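First comes the structure, then the notes that go with it.
The values are calculated or read from the model by the stated rules, or taken from the named source; none is laboratory data. None of these values were measured; they are calculated from a predicted model. Virtual Cβ from ideal backbone geometry, glycine too; neighbours counted across all protein chains shown.
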Amino acid sequence: MLQEERALSIVIVGHVDHGKSTLIGRLLYDTDCLPPDKYTEIQKSSEGLGRIVEFAFVMDCLEEERSRGITIDTTQTFFKTPKRRYVIIDAPGHKEFLKNMITGTSQAEAALLIIDSFEGIRDQTRRHAYILGMLGLKQICVLLNKIDLIHYSKDKYLELKRETTDFLDQLDVHPTFILPISAIHGDNVAKPSEKISWFDGPTVLQALDTFEALNVEEKPLRFPIQDIYNIDEKKILVGRIEAGRIGKGKKVYLLPEKKKVEVKSIEKFLEQEVTTANYEESIGICLKGRQRVKRGQILTADLSSTISDKIQANIFWMDPEGYRAGEILRFRCVTQEVFCRIEKINKKFDPASMELTEKQASSIRNAEVADILIQLDDKVVVDPFNEIPEMGRFVLEKGGRPVAGGIIL
């Protein structure tokens with residue numbers, strides 16, 4: 001029975017014409033998530049061109065409907081297995097995808113990197129693999145597509161697998177699986193294929209089902225204090241739970257001071273005697289005793305967060321003016337606000353060309369990505385982006401306007 005749970009977000013990337021659209025269409029068809037009328041329409045279009053059913057037309061149909069303003073299950077593409085639902089994050093271009101990931105528009109939890117078995121690794125393969133490494137994605141499955149074009153050859157598959165592994169090792173990207181598939185024929189996508197009986201690994205859907213959802217609700221508590229209200233002689237700390245849960249009577253830590261405190265009560269609007277609150281809820285909390293608290297402090301279940309005035313991060317610069325060494329910026333992460341400057345620009349590159357533009361740089365230009373070290377005026381509390389997204393994602397401001405988005409790995 002299908003469990004009703006949050007969909008696992010995946011992104012599918014690869015060089016142009018290596019089969020991304022065909023794979024998406026095939027995934028929708030093989031999981032019965034393609035409406036019958038859409039399949040009939042694609043079948044007729046393919047027959048009219050004298051081709052076998054071309055699943056890439058699925059994406060053309062969806063794009064056409066979107067351009068006409070027709071809603072398709074939000075603007076995302078869903079499919080499902082008996083285990084769970086999946087949502088495919090749209091990656092229209094490497095620059096747009098990178099900006100969206102860093103600035104919070106999307107959060108991929110796993111990736112499919114697709115490579116044409118006949119053509120091999122190409123420029124965009126390298127760019128997308130670099131981005132997956134930069135984002136710190138750990139759940140990656142490489143699909144060596146169009147295995148039919150190399151006549152389902154085991155030797156050629158193993159040769160390309162070795163080449164792919166060597167290439168990805170250089171980027172510190174370590175895929176969980178490297179699978180031979182043919183998206184257009186359906187080989188090893190939803191079902192094993194007799195044509196590659198020499199391969200004893202999983203299908204694409206089986207591989208995806210081994211990946212784990214982020215489940216931020218199961219992580220240790222993270223409660224950034226947004227404001228403090230004094231109501232009826234109660235000091236109420238208000239904010240949103242960004243990870244885990246909190247309970248009345250629980251002992252928690254107040255960071256960055258690492259002070260242990262106890263939750264006296266949980267306050268929810270128009271509710272009485274609340275004993276627990278969960279991830280994504282906006283609530284009020286009263287602590288036992290007379291505690292000195294302020295906006296920007298973080299209540300946590302443990303001391304696993306990083307507390308530091310130096311942050312190593314990757315940023316996407318999105319302001320036309322760029323950045324020059326020594327300029328003062330404001331760092332914002334959840335409710336924390338601290339003045340800072342970029343102490344080191346270790347390296348930077350242009351995500352459009354994926355060319356390394358400079359090492360040990362002194363400036364960052366618009367639309368460049370940089371690996372940097374930030375020196376903050378005070379200590380902040382952060383977590384890795386791929387553990388607790390909101391605690392590992394930040395914005396840099398200059399003159400009151402946002403100029404860059406960043407992630408902490």
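Summary table
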quantity: Unique match (being exposed (fewer than 15 other Cβ atoms within 10 Å of the Cβ), aliphatic (A, V, I, L, M), over 23 Å from the mean Cα position of the chain (by Cα) and closer than 30 Å to residue 257 by Cβ) among 298, 328; calculated: 328
quantity: Residue match in the stretch 157-166 (condition: touching a Lys or Arg at 6+ places or on another chain (Cβ under 8 Å), hydroxyl-bearing (Ser, Thr, Tyr) and assigned by TED's automatic domain parsing to the domain that holds residue 26); calculated: no
quantity: Residue in the stretch 230-239 that is under 29 Å from the mean Cα position of the chain (by Cα) and not assigned by TED's automatic domain parsing to the domain that holds residue 13 present; calculated: yes
quantity: Boolean, residue 385 is of a type in the set (Phe, Trp, Tyr), part of a strand (DSSP E or B) and either touching a residue at least 12 places away in the same chain (Cβ under 8 Å) or under 30 Å from residue 261 (Cα atoms) (or both); calculated: no
quantity: Residue within the stretch 251-259 that is of a type in the set (Lys, Arg), touching a residue at least 12 places away in the same chain (Cβ under 8 Å), on the phi > 0 side of the Ramachandran plot and not in a strand (DSSP E or B) present; calculated: yes
quantity: Segments classed as strands (runs of 3 or more DSSP E), wholly inside the stretch 271-358, with at least 2 members that are in contact (Cβ under 8 Å) with a residue 40 or more places away in the chain; calculated: 282-287, 298-300, 306-317, 329-333, 336-350
quantity: Flag if residue 237 is over 27 Å from residue 376 (Cβ atoms) and either in contact with a Cys (Cβ under 8 Å, 6 or more places away or on another chain) or in a strand (DSSP E or B) (or both); calculated: no
quantity: Lone unmet requirement of (1) modelled with pLDDT under 95; (2) outside any loop (DSSP other than H, G, I, E, B) for residue 266; calculated: (1)
quantity: Residues within the stretch 153-203 that are in contact with a Phe, Trp or Tyr (Cβ under 9 Å, 6 or more places away or on another chain), closer than 19 Å to residue 24 by Cβ and not in a loop (DSSP other than H, G, I, E, B), tallied; calculated: 4
quantity: Residue that is farthest from the chain's Cα centre (by Cα), among those in the stretch 264-289 that are acidic (Asp, Glu) and under 12 Å from residue 241 (Cα atoms); calculated: 281
